[in-house]
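What follows is a short report on a single structure.
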Amino acid sequence: AAAAAAAKETELAEQIQNLGVEIIRAKDIICQREAQIAELNTQLLAVPQSKAASSEPATGGNDAAPAATADPISVAAAAPPAPAPPPPPPPPPPPPPPPPAPGLPGVPAPPPPPGLPCGNGLPQLPLNASNNEKTSYLPTKQIPQSTMQLKSLNWTKLPAMKLKDTMWADLNEEDAYSLFHNEEFDQLFSAFQRKQQSDKEDELDEEAKQKPKELSVVEARRAQNCTILLSRLRMTNREIHHAVLSMDDDEKLGNDMVEQLLKFVPTTDEITELDRLKDQEDMFAAADRFLFEMSQIPRYEQRLSCLYYKRKYGERLEHIKQRVSAVTKGAKEIRESAALKAWFRIVLAMGNYMNRGARGNAYGFKLQSLLKISDTKSSKKKDLNLLHYVIKALDTNADFHVAKDLDSETSFTTAASKVGLPELAADLSLLKKGQEQIESELVWHEKNPNPIEGDSFVDVMEEFVLGAKKDVIVLETAFQEMQQEFSHTVTFMGESLKDYNPMEFFGVFDAFKQRVAEARVELAAIQKKEEEEERKKAAAAAAQLQEKEMQNPQGDFDDLLSSLRSGDCFGDLGHGKKSRANRVRRNRPSAFS
């Protein structure tokens, strides 16, 4: 992307530079035209007064009026001199240059040439006298003309009025034109030069002229893609023709190739045009010849569609069976899972214990609530949530060990969570429609009075469709059973069928199982971290005790003798049982210790 942007930037810069060169050329042409206009004005004012006097007709008296046909220039000359007109106002300043093009920093836009339209849309010609004064020191250019339009030299021209006191003011290049002003140069650098061909290319062109031109009525892109397909098939048109007629018993056509052939069925317009030119079949292009030969097979498109259905039938049937079975078994698992019931008991008790008021005293909860357990965080340990605590309690309480079997007892929920009921029904309907199409084609072939030799459609497809009809009947029965099982399970969970389809319903359980698995991994990390912290604390306490013993080795023995003498080491013997009971209660581990 960066390289493409840089290339685009370079291209735009070159275009801007070329436009600037063209603008400067236009500016020079305008300056030349202005100089010519100034010269003509000078010549016009220098017309002799005698020409005006001689053009006046003779008159009979002093009061005679001038003739009606008098020359306007003469009349103007004979008239009394009028006061000099006021000098013309100075031209408005040129507009500011436009901002640089986006993405081209540092490339200034070329200035507008003098004489081109300004802000008011009218041409503003510069004063001739001013320009002549600025360029009067420069000699007039005598540039020879080429015999044809030449390519442009990519340069940046210096303004003529800025060359005073530079090397360019005295530089004369007229003696150098002889190097370029010749026919060879004009031919080599002509703007419309035809590319010269080598002898080999000329021979190839001659062979192409002698080679008969191919006929093609197929759209160019479609013909190209069709030719590519034929090259991938690596079969002649005759072999493809035979494979389609025999319904490809030898399976020379792969499933993907049959699917691609369906994209290149000859259209009605193509068949009409190809039939009109069938006398010139030898001149058909490869794609046109293929389409023409395939169009000779009766009901080619319908036959190809039936062949593709037959090839894909087993795969489609198995795919529908797997989805129907997953939903059916998944629904039964959820109703019968003891582990799932244990989870429901735990969550219900936990919710009623934690919630008060209107949110408490519940007898059931929505399935989506399972996914919100981990949202409740511990107020004491930031990395601990409610799901972590429940998993720890399950692992330490034998009465709820059955909840650990959730994955094994609901193994089909993952597959069932990927089933969309509308898509499943559409696939089953498509399977039935394909059989109906085959049956329709069988009727047509049986009534066809002119069967083609080697046509195996009836023999192959009649046997196939009989077995396929039995499969579909069994599949429709399983589909109805699946719908009943799913409906029963949803209502068994206290939910509404309006709120759930199989994908959403089983998706709740699949997501919950994933969160439980993730929480177990997180809990193990938390416990490992706590154990590491306990080891560090124990090591620090031992080091501190050792340091204390080293500083006062006799102090502990003296403390023991003192307690023996005072009797403090024996404690209150009358309250021994109560003290032991208190110590046992205090030292009893909790569910999450």
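None of the figures in this text is laboratory data; all of them are computed from the coordinates on show. Treat the numbers as computed from the prediction; the structure is a model and nothing was measured. Cβ atoms come from the backbone with ideal geometry, glycine included; neighbour counts cover every protein chain shown.
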Exercise for the section: With label points built 7 Å along Cα→Cβ from the Cα atoms of ILE143 and GLN17, find their separation and express it in nm. Expected result: 1.9
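With +1 on each Lys and Arg Cβ and -1 on each Asp and Glu Cβ, how big is the dipole of the range 399-555 about its Cα centre, in debye rounded to the nearest 20? Before the final figure, lay out each step's value.
Numbers: 17 positive and 32 negative charges, 193 e Å.
So the dipole magnitude of the range 399-555 works out to roughly 920 debye.
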Handout entry: Leading residue at positive end of dipole, the range 492-538 (Cβ point charges), from VAL521, MET503, PHE492
Key = VAL521
Exercise for the section: Take each of the peptides 514-521, 303-310, 470-477, 357-364, average the number of other beta-carbon atoms within 10 Å over its residues, and list them starting from the highest. Expected result: 303-310, 514-521, 470-477, 357-364
Exercise for the section: Would you pull out the residues with amide H under 5 Å of ASN385's amide H, same chain only if 5 or more places away, H placed 1.01 Å from N? Expected result: SER378
Completion exercise
Residues whose built amide H sits under 5 Å from the amide H of LEU150, excluding neighbours closer than 5 in sequence, are ALA191
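Highest first, please rank the peptides 227-235, 339-347 by the mean number of other Cβ atoms sitting within 10 Å of their residues. Each step should come with its number before you reach the end.
Details: 227-235: 13.9, 339-347: 17.9.
Result, highest mean Cβ count within 10 Å first: 339-347, 227-235.
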Completion exercise
With label points set 7 Å from each Cα along the Cα-to-Cβ direction at LYS447 and GLN187, the distance between them in nm comes to 7.7
Completion exercise
Taking every other residue with Cβ under 10 Å from the Cβ of SER246 and scoring Lys and Arg +1, Asp and Glu -1, one gets -4
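Give the relative contact order (percent, whole number) for the range 410-515; include only Cα pairs under 8 Å separated by 6+ residues.
Details: 53 pairs, mean separation 57.2, N = 106.
Relative contact order comes out at 54 percent.
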Fill in the blank from the handout: Percent relative contact order for the range 253-364, counting Cα pairs under 8 Å at least six residues apart, stands at 23
Handout entry: Gain in span if fully extended, GLN36 to GLU336, counting 0.36 nm per residue against the direct Cα distance
Key = 97.3 nm
